[in-house]
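The values are calculated or read from the model by the stated rules, or taken from the named source; none is laboratory data. Remember, it's a predicted structure, so these values are computed and weren't measured experimentally. Please note: Cβ atoms are built from the backbone with ideal geometry, for glycine as well, and neighbour counts cover all protein chains shown.
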Amino acid sequence: MRFPPVQPVLAVVAAAGLALTGGCSWTSTKPPAAGGTAAVAASAAAGTSPAALAAGGSVHLTDYTDNDGPTSTVILTGAVGDYGKAQSINPDGSVNPEHNSQLNLMLTHGSFRLDIADLDKKFVTVLGKLAVNTTTCSGTASVSEPVPVVTGSGTGAYQGIRGTFNLTITLDEVYKPPACMENGGAYLSQSIVMTGTGTVSFG
């Protein structure tokens, strides 16, 4: 996820979200439709029943990236077992590079969105106070916040999904010396992980 430059931080965000692999980004203004009818048909052909995914219950989510782009990698386990990409978007579906609105989970059996606005706001506040270890040129920041599923956002096997995830987003960075002591110092390596557990239901 990307945030305003603070300390030698970045322009991050994850996290959740929340999200996430280097070199991956979408070029369209709307996220590709993950899942839907084609994905449900494919899962059925592979012997995986979408109905089994929609039983509801406890779900663990992990979203991760090593860069500031809008796209991340996500995996869910438990009552929902699925994986794919996540993309920071606006309510109208356009890409949101600031990560301050919604996170679209584009999974193999469908998609749904998380409202990450409050998590992002809390994370940006923490980044503004980030203490950098100038001896090792490294820094870390972490915040937690309930993140609700966006009502009506489910597609494919996730139509009608509801619920809330309690997510923690953590940033770890190593900066380029000696600029690590100054605002805007470039980072050499970065990890943004958003993870936590939630309860979902369908219908």
- Residue satisfying condition, being in contact with a strand residue (DSSP E or B) (Cβ under 8 Å, 6 or more places away or on another chain), loosely packed, with under 13 Cβ neighbours inside 10 Å and of a type outside the set (S, T, N, Q), within set ALA157, ALA117, ALA141, ALA186: ALA186
- Query: How do the pairs read when you match residues in the range 101-122 that are farther than 21 Å from GLN159 by Cβ with residues anywhere that are of a type in the set (D, E, K, R) and surrounded by fewer than 24 Cβ atoms within 10 Å (Cβ to Cβ), using Cβ under 6 Å and keeping only pairs 6 or more apart or on different chains?
  - Reply: ASP118/GLU145; LEU119/GLU145; LYS122/GLU145
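Within the range 124-136, is there a residue that is buried (at least 24 other Cβ atoms within 10 Å of the Cβ) and at negative phi?
Within the range 124-136, the first condition is being buried (at least 24 other Cβ atoms within 10 Å of the Cβ), and the residues that meet it are none.
The answer is no, given that none of the residues of the range 124-136 is buried (at least 24 other Cβ atoms within 10 Å of the Cβ) and at negative phi.
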- Item | Positions within the range 159-178 being in a strand (DSSP E or B) and over 27 Å from ASP66 (Cβ atoms), in sequence order | ARG162, GLY163, THR164
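If you take the residues in the range 164-175 that are in contact with a Phe, Trp or Tyr (Cβ under 9 Å, 6 or more places away or on another chain) and not aromatic (Phe, Trp, Tyr), which one is surrounded by the most Cβ atoms within 10 Å (Cβ to Cβ)?
To start, the set of residues in the range 164-175 that are in contact with a Phe, Trp or Tyr (Cβ under 9 Å, 6 or more places away or on another chain) comprises 169, 171, 173-175.
Keeping just the survivors that are not aromatic (Phe, Trp, Tyr) gives 169, 171, 173-174.
Details: ILE169: 32, LEU171: 27, GLU173: 25, VAL174: 17.
The extreme case among them is ILE169.
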- Given (1) in contact with a Leu (Cβ under 9 Å, 6 or more places away or on another chain); (2) farther than 20 Å from PHE202 by Cβ; (3) modelled with pLDDT of 95 or more; (4) of a type in the set (Asp, Glu), where does GLU173 come up short, assuming only one miss? (3)
- Message: Could you tell me how many of the residues in the range 116-158 are within 23 Å of ASP172 (Cα to Cα) and assigned to a strand (DSSP E or B)?
- Response: 11
- Message: Can you tell me which of (1) hydrophobic (A, V, I, L, M, F, W, C); (2) touching a strand residue (DSSP E or B) at 6+ places or on another chain (Cβ under 7 Å); (3) within 21 Å of THR71 (Cβ to Cβ) is the one VAL124 doesn't meet?
- Response: (2)
